[in-house]
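Here, each number is a calculation from the coordinates, and none is a lab measurement. What you see is a predicted model, and the numbers here were worked out from it, not measured in a lab. Heads up, the Cβs are rebuilt from the backbone with ideal geometry, glycines too, and the neighbour counts pull from every protein chain shown.
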Amino acid sequence: MTTPAEGGLQRQIDFYVRKADSYDRSFWSMGQRENRNHFKKIQAISDALGVTSSSTGSVLEVGTGTGLHAHWFLERTSTTYCGLDVSVPMLAIAKQRVAAWGDRVRLTVGDAQRLPFPDGSFDAAFCAATLHHLQDPAQGVREVARVVRPGGRVALMEPNWKYPTVLVYSASVREEWNTFKINPRRLAEWASSAGVTDITVTPVLYTPPQPKRLERVFDYVDRTMPKVPGLRALSITMLLSGRRI
Ligand SMILES: C[S@@+](CC[C@H](N)C(=O)[O-])C[C@H]1O[C@@H](n2cnc3c(N)ncnc32)[C@H](O)[C@@H]1O
């Protein structure tokens with residue numbers, strides 16, 4: 001007999017079996033996920049974690065996917081990277097992507113809601129576009145916080161359903177429905193009760209990744225929108241940044 005939670009987890013596993021091969025070329029990322037928006041998002045996460053090019057230490061990503069963030073961290077910093085994901089085919093792509101980094105990288109199959117790591121195992125941990133795939137996103141936040149050492153940094157990035165394309169996608173794909181459960185206030189509450197302090201939640205990105213010729217305009221819009229009351233809430237993603245107590 002399968003519990004509703006197990007059924008939900010299996011649904012997500014099946015979803016990413018279907019998506020893995022085309023994930024990095026999806027329609028929603030305009031055919032190529034390794035684009036301007038990806039770099040802006042991972043730079044924002046890295047800043048939230050306080051990681052710079054000279055940083056060492058250990059970073060965990062919960063919900064590694066195809067390893068784009070792994071690649072970014074390994075190429076641009078001196079940290080080690082540990083990635084966990086419930087999807088074997090997604091991790092298989094990540095494994096190929098980061099094969100060159102040998103011992104600096106570890107990839108593990110597991111459930112974000114029951115991380116197979118002792119308390120305080122990592123200097124920093126983050127989760128990007130993964131909490132809304134969990135049956136219990138608050139439990140995912142508790143787990144991310146639990147495995148970070150006291151004083152270590154936590155970053156949680158999630159899509160914002162108020163952005164038009166996120167709204168359409170989240171409404172039309174059942175595996176994305178939990179996106180509607182997540183908003184800046186709730187994310188902050190979950191993090192706070194998981195033992196995270198110094199919490200800020202900021203909007204990240206308002207513009208599409210292409211066309212490239214409009215990049216300067218897009219950059220201007222991305223810098224300006226957070227200053228406009230009312231419109232600032234319409235970002236593509238939200239980013240929580242905090243420190244483990
Ligand atoms: C939208 S993708 C994001 C991947 C990556 N963070 C990125 O932004 O490129 C969501 C990922 O969460 C993973 N996932 C879903 N449910 C999970 C769970 N319970 N535990 C761990 N990973 C999970 C999926 O397999 C998928 O790789």
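Charges only on Cβ, +1 for Lys and Arg, -1 for Asp and Glu: so what's the dipole of the chain about the Cα centre, in debye to the nearest 20? Write down the numbers at each step before the final one.
Details: 31 positive and 23 negative charges, 122 e Å.
Its charge dipole is roughly 580 debye.
Legend: distances between Cα atoms for LYS162/LYS227; LYS41/LYS212; LYS40/LYS95; LYS40/LYS227; LYS162/LYS212; pairs beyond 20 Å are LYS40/LYS95; LYS162/LYS212.
Provide ASP198, ASP24 in ascending order of the number of other Cβ atoms located within 10 Å of each residue's Cβ, fewest first. If you can, show how the numbers build up before the last one.
Numbers: ASP198 11, ASP24 18.
The order, fewest Cβ neighbours first, is ASP198, ASP24.
Directionally averaged projected area (segment 1-138, Cα convex hull): 8.8 nm².
For the chain, what is the calculated [θ] at 222 nm in deg cm²/dmol (nearest 500), taking -39500 (n - 2.57) for each run of four or more DSSP H residues and dividing by its residue count?
Dividing the helical sum by the residues of the chain leaves -11000 deg cm²/dmol.
Spherically averaged projected area of the convex hull of Cα atoms, the chain: 13.1 nm². Here the Karplus relation 6.51 cos²θ - 1.76 cosθ + 1.60, evaluated at θ = phi - 60°, turns the backbone of segment 99-104 into coupling constants of 4, 5, 9, x, 5, 6 Hz, with x for every Gly and Pro. The trypsin sites (Lys or Arg not before Pro) of segment 133-166 that DSSP puts in a loop, and whose beta carbon has at most 14 other beta carbons within 10 Å, are LYS162.
Under 16 Å of direct C-alpha separation, and excluding same-chain neighbours fewer than eight residues apart, LYS19 reaches these aspartates and glutamates: ASP85, GLU175, GLU176. Percent of Cα pairs in segment 90-218 per distance bin of 10 Å, from zero to the largest separation: 11, 34, 34, 20, 2. Taking label points 7 Å from Cα along the Cα-to-Cβ direction, VAL109 and ASP219 give a separation of 4.3 nm.
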